[in-house]
Amino acid sequence: MKVLQVAAEIFPLVKTGGLADVAGALPQALARAGADVRLVLPGLPAIADAVLHQKTVCEIGAAFGAARVRLTLGTMPYSGLPVYVVDAPYLYRRGGSPYQAPDGNEWSDNAQRFALLGWVAAHIAAGEFDPDWVPDVLHTHDWHAAMACAYAHAHAPTRAARVFTVHNLAYQGLFPAGDFNLLGLPARYMAASGVEYHSQLSFMKAGLKFADRVTTVSPTYAREIATHEYGCGLDGVIRGRGGDVCGILNGVDPEVWNPATDAGIAKRYQADSLVGKAVCKHALQTELGLERRADAPVFGVVSRLTSQKGLDLVLAALPGILQRGGQLALQGNGDRALEAAFEGAARAHPAQVAVRTVYDEALAHRIIAGSDALLMPSRFEPCGLTQLYALRYGTLPVVRRVGGLVDTVVDATDETIRTDRATGFSFEPASSMALEVTVDRLLHAFGQPALWQQLMRRAMAQEFSWDVAAASYMRLYAQCRTK
Ligand code: ADP
Ligand code: GLC
């Protein structure tokens, strides 16, 4: 089966969050499962300059405001998978993030930039740009790639089944209605039954409406997004898709996240020999200038600083955590007010709080390896990968019972401890009080080394395998092709 994967970012070339990890790992797992997989990526500098052996497969010409668009086919560094790069320097060859200028504002021409990505993918799916390779499945990720579903539906006579995966419903790709004229879609698509959303243009809706199947990244989030509380205004559209929506849990790439082989941590370790974990903790405390105490629980955070992640709850609970002897190692950037507040806490308590407002992949590994627990009290969480990495590193997650966090962390209760199923700590209300109560439960367990080791070992034994996820996607692809 030929499968075309379309995404705006991909680990390790361009990454702003978990989407990149998925776009990096899922195609490889699909290939292991027997699929003939290719990728389509925008020609952002970090992608266009890194993809190997590129050859032009099609001179597309002028499109979406760019004078020259070219489609190349090359191979991904690391995975070696074939990848189409949409080479449009006018739209993609810029500094900053894939979505924002260096000043933090969205690029003003994002509608054209990501319409082009989808439009090219739809034409590949129709066999128009590369007749030598015509996919059976067009699988698009998040709003940046979603327009492919509308173009494939509208123009391109494609036999490819269309699958759309929602990684985060909160980011919808909303643009002024006037931008619709830039898209080249028939006027009937600017309707409630199409991409119109309260007099605006919604790229996310193109995926939700025109994919044959919609998936999201955990079973619980799949149920949640059909509700008013978590549907971000699109719950009606999602309910309208009925049984076409399902959740497939993300996995962990063991080549990247594995304490037994991780070359970037102070000492490697595994569940049956945890000495290295203590070395990593000592090294982290030293690196961050925290008091080097083995008996002080280190709470790690590796996160985008946005309201989604509930880190205001951590801030509010912090005095209580510090009073109980805890330490905080926080890495994250985003919301300036949160950054400043955490930096202020680090200045006030330098031996107990360390904050790094940077994006740094290597430091993320050292924090996850060196912490005892990971704080992730998200307000909503489609899947969450950081807690999966933490589990693998024996760093017990403290999470809110929401989205993928429900599906991946087993709260330590008397019953789950007795039956040796507990892997972390979870709580319901989005309040700092609830977080503090949960931290108290954690500290109680931390004070009992035998119990803590049992929890660590159970956490590290969790298998969140991309091969399992890939098998589910393969079944889904087969189902929608026979529909
Ligand atoms: P989301 O995609 O919502 O940000 P996930 O938990 O799915 O949440 O994925 C986050 C990914 O981004 C993880 O790989 C995590 O390690 C990484 N990450 C987040 N913030 C940083 C940072 N400041 N530096 C390095 N990696 C980060
Ligand atoms: C999104 C979500 C996160 C998920 C990731 C990868 O960024 O916020 O929960 O793990 O996508 O699917």
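Some observations on this one:
- Scope the range 90-100; condition part of a loop (DSSP other than H, G, I, E, B) and under 21 Å from the mean Cα position of the chain (by Cα); matching residues: GLY96, SER97, PRO98, TYR99
- Subset of the range 62-90 [aliphatic (A, V, I, L, M) and within 21 Å of LEU138 (Cβ to Cβ)]: ALA63, VAL69, LEU71, LEU73, MET76, LEU81, VAL83, VAL85, VAL86, ALA88
- Residues that are away from ligand 2 (no atom under 16 Å from the Cβ) and in contact with a Leu (Cβ under 8 Å, 6 or more places away or on another chain) number at least 2 in the following strands (runs of 3 or more DSSP E) confined to the range 163-242: 174-176, 200-202.
- Considering the range 268-306, the residues that are in a loop (DSSP other than H, G, I, E, B) and under 27 Å from the mean Cα position of the chain (by Cα) include one that is nearest to VAL358 (Cα to Cα), namely THR306.
- Cβ separations smaller than 7 Å between residues 6+ apart or across chains give the following pairs from the range 321-346 residues that are of a type in the set (Val, Ile, Thr) to residues that are crowded, with 22+ Cβ neighbours inside 10 Å and assigned to a strand (DSSP E or B): ILE321/PHE299; ILE321/LEU328.
- Given (1) more than 16 Å from ligand 1 (Cβ to nearest atom); (2) surrounded by 23 or more Cβ atoms within 10 Å (Cβ to Cβ); (3) over 30 Å from GLY231 (Cβ atoms), number of the condition THR438 does not satisfy: (3)
- Residue list for the range 22-45, filter: touching a Phe, Trp or Tyr at 6+ places or on another chain (Cβ under 6 Å) and either within 28 Å of ILE60 (Cα to Cα) or crowded, with 24+ Cβ neighbours inside 10 Å (or both): GLY24, ALA25, VAL40, PRO42, GLY43, LEU44
- Among residues of the range 356-375 that are β-branched (Val, Ile, Thr), those with a beta-carbon under 6 Å from a residue that is crowded, with 18+ Cβ neighbours inside 10 Å at least six positions away or on a different chain give the pairs ILE367/GLY300; ILE367/VAL302; ILE367/ALA329; ILE367/GLN331; ILE368/TYR389; ILE368/ALA390; ILE368/TYR393; ILE368/THR395.
- Residues that are surrounded by fewer than 17 Cβ atoms within 10 Å (Cβ to Cβ) and modelled with pLDDT of 95 or more were ranked within the range 255-271; the one that is nearest to ligand 2 (Cβ to nearest atom) is ASN258.
- Taking the criterion of being near ligand 1 (Cβ under 8 Å from one of its atoms), of a type in the set (D, E, K, R) and touching a Phe, Trp or Tyr at 6+ places or on another chain (Cβ under 8 Å), the only residue of the range 355-404 that qualifies is GLU381.
The values are calculated or read from the model by the stated rules, or taken from the named source; none is laboratory data. All of these numbers come straight from a predicted model, not from anything done at the bench. Virtual Cβ from ideal backbone geometry, glycine too; neighbours counted across all protein chains shown.
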